[in-house]
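Here the structure is laid out as structure tokens; the discussion comes afterwards.
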Amino acid sequence: HTSLPLIINTWPFKDATASAWRTLQSGGSVLDAVEQGCARCEVEQCDGSVGYGGSPDESGETTLDAMIMNGDTMEVGSVANLRRIKNAIGVARAVMERTEHTLLVGESASVFAENMGFTAEDLATNKSTSMFSRWLSGNCQPNYRKNVFPDPSKSCGPYKPKAILKETRRAQHADIHSHDTIGMLALDQNGHVAAGTSTNGMTHKVPGRVGDSPIAGAGAYADSSVGGAAATGDGDIMMRFLPSYLAVELMRTGADPSTACKMAISRIKRHYSEFFGAIICANTTGHYGAACNKVPGFSQFHYMVSNSESDAPVLKS
Ligand code: SD4
């Protein structure tokens, strides 16, 4: 097939696609491509949901989740709840290449990053500060706490038990602008596959919350004997089903990428018919596909593709 090498990523983050493509063209590896592509979004703060200055948690802090996977060696490096460091995918790669571990979390991950020479910076911006204060000063609903509501005598918290309909939470998730992780796959002509993700998670999440993005098999998965997959959406739900792992395993047993993506989404739908989410898949012949759960407010999922068939990234849906 002629369409290798291939870069594919979630959402219309075309600068990320272009950056990954350029990295491959200038002799970089698939890992370099995924790292550079996701890092591009971390710098651009793609959609406010990748990198610094977005998705403040319930205490107002932005923290980052990222992972990278080498489909040749099956090595993974991940960081979750990373504080103070903007280049989360870079730290994930350092975990993979400079430790024997797979996942580092929270303050300790940040100290590791500082020791590895990453710059510590405040991840707050005017935008994230005002998102947080707007939430505090009125509309602060405990998005992600079940069966609790703020004390009505205070503008926000401490949370008091109260019945809360599950639909409330689902409705919040239907707002696709509150979470648009970058998930990226890179495949080259020599059969190398890499996958990665980077995100600032969910707005007003409970501090300490980790989503699907830094979890191997959930946020992304790569196996150079098959291909790769990456997911985006409601990580709290999606990570229970390891959709990226499932999609890669379905391709291993012969499913084409579109079918594998659809089946991974259907598996989640069986239990959470209204969940918000999408997945991209590609196999080692350069074929690719995507699927999303069509729910009100989210009927079309956009993703970017770069391969030898065009000289600029192409938007697909
Ligand atoms: C998360 N999956 O932290 C991420 C968010 C996301 O599109 O992908 N949004 O749950």
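Read-outs throughout are calculated quantities, based only on the coordinates presented, and are distinct from any laboratory measurement. What you see is a predicted model; the values in this text were computed from it and never measured. All Cβ positions, glycine included, derive from the backbone under ideal geometry; neighbour counts span all protein chains shown.
Worth pointing out:
- Taking 7 Å steps out from each Cα toward its Cβ at Arg22 and Gln300 produces label points 2.9 nm apart.
- Peptide packing for 292-300, 217-225, 276-284 was compared via the average number of neighbouring C-beta atoms within 10 Å per residue; ordered from the highest value, the list is 276-284, 217-225, 292-300.
- Charge tally for Ala88 (other residues, Cβ to Cβ under 9 Å; Lys, Arg +1; Asp, Glu -1): -1.
- Between Gln189 and Ser266, the distance separating the two model label sites (each 7 Å from Cα on the Cα→Cβ line) works out to 3.7 nm.
- Pairs over the 29 Å Cα-Cα cut-off, from the set Lys86/Lys269; Lys86/Lys294; Lys146/Lys316; Lys86/Lys146; Lys14/Lys86; Lys205/Lys269: Lys86/Lys269; Lys86/Lys294; Lys146/Lys316; Lys86/Lys146.
- Compactness of the chain as Cα Rg over 2.2 N^0.38 Å, two decimals: 0.95
- Sum of side-chain charges, Phe301 neighbourhood, beta-carbon under 10 Å (Lys, Arg +1; Asp, Glu -1): +2
- Signed unit charges on C-beta, dipole axis of the chain, positive-most listed residue Leu187, Ala80, Ala94: Ala80
- Tensor-based shape of region 230-312 (alpha-carbon gyration tensor, a/c under 1.5 rounded, otherwise prolate or oblate): oblate
- Positive minus negative residues near Ile215 (Lys, Arg vs Asp, Glu; Cβ under 12 Å): -2
- Here Glu44, Glu35 are placed in order of increasing Cβ neighbour count within 10 Å, fewest first, which gives Glu44, Glu35.
- Extreme residue, positive dipole direction of the chain, given options Met116, Ala20, Cys41 (C-beta unit charges): Cys41
- Judged by the gyration tensor of its Cα atoms, with axes a ≥ b ≥ c, region 34-116 is oblate; a/c meets the 1.5 cut and b/c is at least as large as a/b.
- Cβ-based charge dipole, region 203-317, positive-most Cα from Leu250, Tyr288, Met304: Leu250
- Packing-based exposure ordering (other Cβ within 10 Å, fewest first) of Asp236, Asp256: Asp256, Asp236
- Mean separation of Cα contacts under 8 Å (6+ apart) over length of region 1-55, as relative contact order %: 25 percent
- From the alpha carbon centroid of region 253-273 to that of region 115-131 is 37 Å.
- Site pair Ser310 and Lys127 shows an inter-label distance of 2.5 nm when each label is modelled 7 Å from Cα along Cα→Cβ.
- Taking the Cα centre of the chain as reference, the dipole from Cβ charges on Lys and Arg (+1) and Asp and Glu (-1) amounts to some 1260 debye.
- Structure-based [θ]222 nm, the chain - -39500 (n - 2.57) summed over DSSP H runs of at least 4, per residue, nearest 500: -8500 deg cm²/dmol
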